[in-house]
Amino acid sequence: MHNFDPALPFNTLPLLPPQIDLETPVILKACIEANKELAKLKMAERLIPNQTVLINSIPLLESQASSAIENIVTTTDDLFKYADSNSKMVSHEIKETLRYRSALYQGIISLKSRPLSVTTICEICSTIREVDVNIRNLPGTTLMNDFTKEKIYTPPEGETLLRSLLSNWQNYLHQDDGIDPLIKLAVQHYQFEAIHPFTDGNGRTGRIINLLYLIDRGLLDTPVLYLSRYIIQNKASYYSNLLQVTTDQKWTPWVLYFLEAVCETAAWTTKKIIAIQDLINETCTYIQNKAPIVYNKDLVELLFVQPYVRIENLVEHRLMGRFTASKHLKILCDIGVLVEMKMGREKLFINKKFLDLLKET
């Protein structure tokens with residue numbers, strides 16, 4: 001115990017690394033399995049030549065699930081429908097979820113110029129919340145049970161202390177200590193959530209950090225690990241394991257939970273990517289047979305960049321002019337590849353098989 005009282009600021013939060021052996025046989029065995037599935041996922045990423053297909057689809061599902069953990073709920077249909085739209089009909093929930101995706105992309109770009117850092121997390125949280133965010137400097141942040149309103153956890157307080165804890169967290173990320181990166185991923189995630197450096201947006205920022213760390217360490221090329229799906233399906237275990245680290249320094253159950261999350265999610269995502277590639281190939285063959293006049297490899301790829309396609313998308317990608325684009329999309333509807341729908345004055349063309357595939361859990 002570390003004098004933990006849920007109603008008092010946890011200013012005695014221990015520094016990293018944890019003072020416990022996290023390379024036990026059971027943890028290392030789970031590490032091997034998780035790394036194996038991640039390696040398969042990294043190979044699967046490269047099956048799809050146009051990486052935009054992956055970057056526009058699975059990370060949007062991750063954005064939706066991560067936002068849902070914070071009770072920001074959207075439907076998959078609406079999310080993809082408005083993903084590239086400037087419509088004023090977009091709800092507050094959809095805007096928030098799309099900002100999560102923007103923050104994720106911004107984080108990936110930042111990795112090209114500097115390692116993951118405290119500056120990075122401030123930028124990510126600022127994009128998520130659409131305001132300039134800095135480290136908490138006022139007291140009063142407490143986590144409560146949604147139903148009983150009982151205090152569960154009061155994070156550390158005082159900007160100087162928070163910056164010191166974050167500096168330790170950042171150093172741990174990049175320390176060359178020989179510990180498996182997946183063990184460190186679990187440890188840093190707990191520590192970030194325990195520090196709780198912002199007044200709001202900590203959960204979503206922390207889940208983006210997970211993906212950036214995997215890319216930073218070369219374990220993935222793109223942010224396609226749909227981890228929030230596992231957390232939603234095992235939400236009670238997620239919070240109880242986090243709390244046990246805080247109250248009793250029970251790191252092993254938490255690390256094993258996290259490794260299982262990585263392992264299962266990587267296997268699920270690999271299957272999803274293979275299914276997307278199979279559907280792309282089937283669609284190519286089908287169009288070549290049914291409407292060879294409109295077949296164009298770049299056009300087919302565009303149908304999988306986003307399940308909702310607009311005439312403007314074809315024009316913007318310089319595939320063809322508006323008249324030809326409208327004509328070709330109509331033919332694709334006639335042969336059953338797309339379904340046309342109207343949204344206000346706008347025409348949308350839905351790649352329904354692709355959308356259904358993305359919606360499958």
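Answer yes or no as to whether CYS333 is more than 30 Å from ARG207 (Cα to Cα), in contact with an Asp or Glu (Cβ under 7 Å, 6 or more places away or on another chain) and in a helix (DSSP H, G or I).
Working: more than 30 Å from ARG207 (Cα to Cα): yes; in contact with an Asp or Glu (Cβ under 7 Å, 6 or more places away or on another chain): yes; in a helix (DSSP H, G or I): yes.
It is true that CYS333 is more than 30 Å from ARG207 (Cα to Cα), in contact with an Asp or Glu (Cβ under 7 Å, 6 or more places away or on another chain) and in a helix (DSSP H, G or I).
Residue-wise test of (1) surrounded by 17 or more Cβ atoms within 10 Å (Cβ to Cβ); (2) in contact (Cβ under 8 Å) with a residue 60 or more places away in the chain; (3) over 28 Å from TYR172 (Cα atoms).
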| residue | (1), (2), (3) |
| --- | --- |
| PHE4 | no, yes, no |
| LEU16 | yes, yes, no |
| LEU22 | yes, yes, no |
| ALA30 | yes, yes, no |
| ASN35 | yes, yes, no |
| THR52 | no, yes, yes |
| ASN71 | no, no, yes |
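Only one of the numbered conditions (1) over 22 Å from ILE58 (Cα atoms); (2) surrounded by 14 or more Cβ atoms within 10 Å (Cβ to Cβ) is not met by ILE335, and that is (2). GLU45 meets all of the listed conditions (1) within 19 Å of TRP268 (Cβ to Cβ); (2) among the acidic types (Asp, Glu); (3) under 15 Å from the mean Cα position of the chain (by Cα) but one, namely (3).
May I ask you to list the residues in region 95-105 that are buried (at least 17 other Cβ atoms within 10 Å of the Cβ) and either at pLDDT 95 or above or polar (S, T, N, Q) (or both)?
Within region 95-105, just THR97 meets the criteria.
Of all the numbered requirements in (1) under 24 Å from TYR230 (Cα atoms); (2) among the aliphatic types (A, V, I, L, M); (3) surrounded by 14 or more Cβ atoms within 10 Å (Cβ to Cβ), LEU161 misses one, and that requirement is (1).
Within region 123-139, work out how many residues are within 21 Å of the chain's Cα centre (by Cα) and either among the β-branched types (Val, Ile, Thr) or not assigned by TED's automatic domain parsing to the domain that holds GLU159 (or both).
Step one: of region 123-139, the residues within 21 Å of the chain's Cα centre (by Cα) are 123-131, 133.
Of the ones still in play, those that are also either among the β-branched types (Val, Ile, Thr) or not assigned by TED's automatic domain parsing to the domain that holds GLU159 (or both) are 124, 127-128, 131, 133.
Counting residues in region 123-139 that are within 21 Å of the chain's Cα centre (by Cα) and either among the β-branched types (Val, Ile, Thr) or not assigned by TED's automatic domain parsing to the domain that holds GLU159 (or both) gives 5.
For region 128-158, the candidate set comprises residues that are touching an Asp or Glu at 6+ places or on another chain (Cβ under 8 Å) and not in a loop (DSSP other than H, G, I, E, B); within that set, the residue that is surrounded by the fewest Cβ atoms within 10 Å (Cβ to Cβ) is MET144. Only one entry of GLU316, GLU282 meets the criterion of being over 21 Å from LEU47 (Cβ atoms) and within 29 Å of the chain's Cα centre (by Cα), and that entry is GLU316. Restricting attention to region 255-282, the residues that are farther than 19 Å from SER66 by Cα and not aliphatic (A, V, I, L, M) total 6. Considering (1) buried (at least 17 other Cβ atoms within 10 Å of the Cβ); (2) part of a helix (DSSP H, G or I); (3) aliphatic (A, V, I, L, M), the lone condition that VAL305 does not fulfil carries the number (2). Put simply, of ASN56, ASN71 the only residue that is under 24 Å from VAL300 (Cα atoms) and of a type in the set (S, T, N, Q) is ASN56.
Of the residues making up region 59-76, those that are part of a helix (DSSP H, G or I) and of a type in the set (A, V, I, L, M) are LEU60, LEU61, ALA65, ALA68, ILE69.
A single member of SER117, SER126, SER87, SER91 is modelled with pLDDT of 90 or more and more than 16 Å from ASN202 (Cβ to Cβ), and it is SER117.
So, in region 249-269, exactly how many residues are modelled with pLDDT of 95 or more, surrounded by fewer than 21 Cβ atoms within 10 Å (Cβ to Cβ) and under 27 Å from PHE304 (Cα atoms)? Count: 2.
The values are calculated or read from the model by the stated rules, or taken from the named source; none is laboratory data. Fair warning: this is a prediction, and the values are worked out from it, not measured in the lab. A quick note on method: Cβ atoms are made from the backbone with ideal geometry, for glycine too, and the neighbour counts reach across all protein chains shown.
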